[in-house]
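Accompanying notes for the structure given below.
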Amino acid sequence: MTSTDETDAVGRPMPQFPEPAVLFGHGPARIIAMCNQKGGVGKTTTTINLGACLAELGRRVLIVDFDPQGAASVGLGVNANELDLTIYNLLMDRSADITEIIRPTAIENLDVLPANIDLSAAEVQLVGEVARESVLARVLRPVLDDYDVVLVDCQPSLGLLTVNALTAAHGVLIPLECEFFALRGVALLIETIEKVRDRLNPRLEIDGIVATMYDARTLHAREVVERVHEAFGDNLLHTVISRTVKFPDASVAAEPITTYAPSHAGAHAYRQLARELIARGDAA
Ligand SMILES: Nc1ncnc2c1ncn2[C@@H]1O[C@H](COP(=O)(O)OP(=O)(O)O)[C@@H](O)[C@H]1O
Ligand SMILES: [Mg+2]
C-alpha cells in the first residue's frame, strides 16, 4: 500500500487506502462484533456509521442490535418499541423466522435486526439453554449468504449476550474513547476475547482498536492514543474518529452521518475506517 505524506495520530505514515473493489456477488458475510464493556465509548455510533459507509461501497450490511437499549435500531429510524418481533423472539423461539424480523433502513444495502428492552430478559432466560453461548451464531446462519458484513452492536457488559456475539463473530472491533481511563478494562476485554477463542470460537480475531472522540487540540487525547499504541501496537487502527457534535445530532435525526452531513469530516472518517478494514481484509 502506498502511503501519503501525512501521519496518523501516533505519527505512523498514513497509508493511502485503495478504492475498494466493486463486488459482483454477495456473501458469505464476515461477522464483526463491536465490543467494549464500557458504555458511551462509540460502539453504536461506530456500528451505524461504519455500516452505512460499507453499504455506500455497495456492500450488503446487516446491523444486529444486540443491546436492550435499542440505540442502533432507533439510530437507524426503526422504532423497536412498537415492534412485536425483535431479536429477542429469534433467540428464544426456534420457530421464529429471521427474515421476518430483519427490517430495511432508509439506506440502500443496509438492514437492521432490531432490539428493544425485551432483550434484557434473554440474558437470564438463555442460561438454561443447551449451547447457550452459540444461540446468536445459530440464528444468524440462515442469512449469512445474503450479506457481506454483519456488524453486532454489543451492550456494555461482558455477560452472556456479549459472549454470544463473540462466539458468532469472525472479528472484534474495539471502539475506545480517548479519555484517560479508557485503557482500564481493555485488558479484561482482551482476556474475555481470548477465553472465547480458546473454548468456543477458534477463528475469532481482534480486528482492531478504533480511537473515538478524539480531540487533536488536546495533549490529553494524543497521550491516550500514544498509550494505546504502546500497549497494543498495530491493533490500533490508523483511522481515528474525532469528537464532534454532528454524531449526537445525526443520532437525534435517526440517520447515519453519511446522509445527515455527507461531507462533514466525521462522515469522511468513517468512510476511511471502512476502507481501512477492507484493506486489512477484515471486511469484503
Ligand atoms: N466521535 C464522537 N464525537 C462526539 N460524540 C460522539 C462521538 N461518538 C459518539 N458520540 C456520542 O456519545 C454518546 C455515546 O456514544 P455511543 O455510540 O452510543 O456509545 P456506546 O454504544 O459505546 O454506549 C452518544 O450520545 C453519541 O452520539
Ligand atoms: Mg451502544
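The values are calculated or read from the model by the stated rules, or taken from the named source; none is laboratory data. Owing to the predicted nature of the structure, the values given are computational and were not obtained by experimental measurement. Because the Cβ atoms are built from the backbone with ideal geometry, glycine has one as well, and the counts that use them run over all protein chains shown.
Residues considered: A29, A55, A71. Of these, the only one that is within 30 Å of E223 (Cβ to Cβ) and either of a type in the set (D, E, K, R) or modelled with pLDDT of 95 or more (or both) is A71.
Considering only the stretch 215-242, how many residues are under 18 Å from the mean Cα position of the chain (by Cα) and away from ligand 2 (no atom under 16 Å from the Cβ)? So that I can check it myself, show each step before the final result.
Residues of the stretch 215-242 under 18 Å from the mean Cα position of the chain (by Cα): 235-242.
With the extra rule that they be away from ligand 2 (no atom under 16 Å from the Cβ), the set shrinks to 235-240, 242.
So the count comes out to 7.
Note on the stretch 76-101: residues that are over 19 Å from I32 (Cα atoms) and within 16 Å of ligand 1 (Cβ to nearest atom) amount to 3.
Between R197, R280, R222, the distinction of being of a type in the set (K, R) and either within 13 Å of ligand 1 (Cβ to nearest atom) or at pLDDT below 95 (or both) belongs to R222 only.
Contact annotation: residue pairs with Cβ atoms under 6 Å, 6 or more positions apart or on different chains, pairing a residue in the stretch 62-86 that is farther than 14 Å from T46 by Cβ with a partner that is in a loop (DSSP other than H, G, I, E, B) and near ligand 2 (Cβ under 10 Å from one of its atoms), are A80/G70.
Going residue by residue through the stretch 219-228, is there one that turns out to be small (G, A, S), touching a Leu at 6+ places or on another chain (Cβ under 9 Å) and touching a residue at least 12 places away in the same chain (Cβ under 8 Å)? Walk me through how you get there before you give the answer.
Within the stretch 219-228, the subset small (G, A, S) is 221.
If we keep only those that are touching a Leu at 6+ places or on another chain (Cβ under 9 Å) too, we end up with none.
No, the stretch 219-228 contains no residue that is small (G, A, S), touching a Leu at 6+ places or on another chain (Cβ under 9 Å) and touching a residue at least 12 places away in the same chain (Cβ under 8 Å).
The lone criterion from (1) modelled with pLDDT of 95 or more; (2) of a type outside the set (V, I, T); (3) crowded, with 18+ Cβ neighbours inside 10 Å; (4) in a helix (DSSP H, G or I) left unmet by E255 is number (4).
Within the stretch 88-116, the set of residues being surrounded by 19 or more Cβ atoms within 10 Å (Cβ to Cβ) and in a loop (DSSP other than H, G, I, E, B) comprises I102, T105, I107, N109, P114, A115, N116.
Mind counting the residues in the stretch 8-57 that are more than 16 Å from ligand 1 (Cβ to nearest atom) and touching a Pro at 6+ places or on another chain (Cβ under 6 Å)? Before you say what the answer is, go through the steps one by one.
Pass one, the stretch 8-57, residues more than 16 Å from ligand 1 (Cβ to nearest atom): 8, 10-31, 54-57.
Right, trim to touching a Pro at 6+ places or on another chain (Cβ under 6 Å) and you get 57.
Summing the residues that are more than 16 Å from ligand 1 (Cβ to nearest atom) and touching a Pro at 6+ places or on another chain (Cβ under 6 Å) in the stretch 8-57 gives 1.
Would you be able to say whether some residue in the stretch 149-166 is among the charged types (D, E, K, R) and touching a Pro at 6+ places or on another chain (Cβ under 9 Å)? No, that holds for no residue.
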